[in-house]
Amino acid sequence: MKLINRILKDEAGATAIEYGLIAALIAVAAITAMGALGNSLSNTFSLVSGDMTKAQSGKY
């Protein structure tokens, strides 16, 4: 029983684990944001490309 109590009270390394969890959360948020931004940029460039093609052919 003493061993279990000692293990439960031991907080060594807890801060490092917390920092690791925060870093993982920030990484997930950054990856999600970059994915959304990438899709938005791709759509914008596709629209611009289409408009330039129309303008070049005289259909715009």
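Results, tabulated for the structure shown:
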{"read-out": "Fully extended contour minus Cα-Cα distance, from Asn5 to Leu47, at 0.36 nm per residue", "value": "8.7 nm"}
{"read-out": "³J(HN,Hα), Karplus 6.51/-1.76/1.60, whole Hz, each residue of the range 38-43, x for Gly, Pro", "value": "x, 5, 5, 5, 4, 5"}
{"read-out": "Pair Tyr19, Met34: separation of 7 Å Cα→Cβ label points (nm)", "value": "2.2 nm"}
{"read-out": "Ellipticity estimate at 222 nm from DSSP helix runs (n ≥ 4, -39,500 (n - 2.57)) divided over the chain, nearest 500", "value": "-31000 deg cm²/dmol"}
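The numbers here are math on the coordinates, done by the rules we state, and not lab data. Note that the structure is a prediction, hence the values are computed from the model and not measured. With ideal geometry, Cβ positions are generated from the backbone for all residues, glycine too; neighbour counts draw on all protein chains shown.
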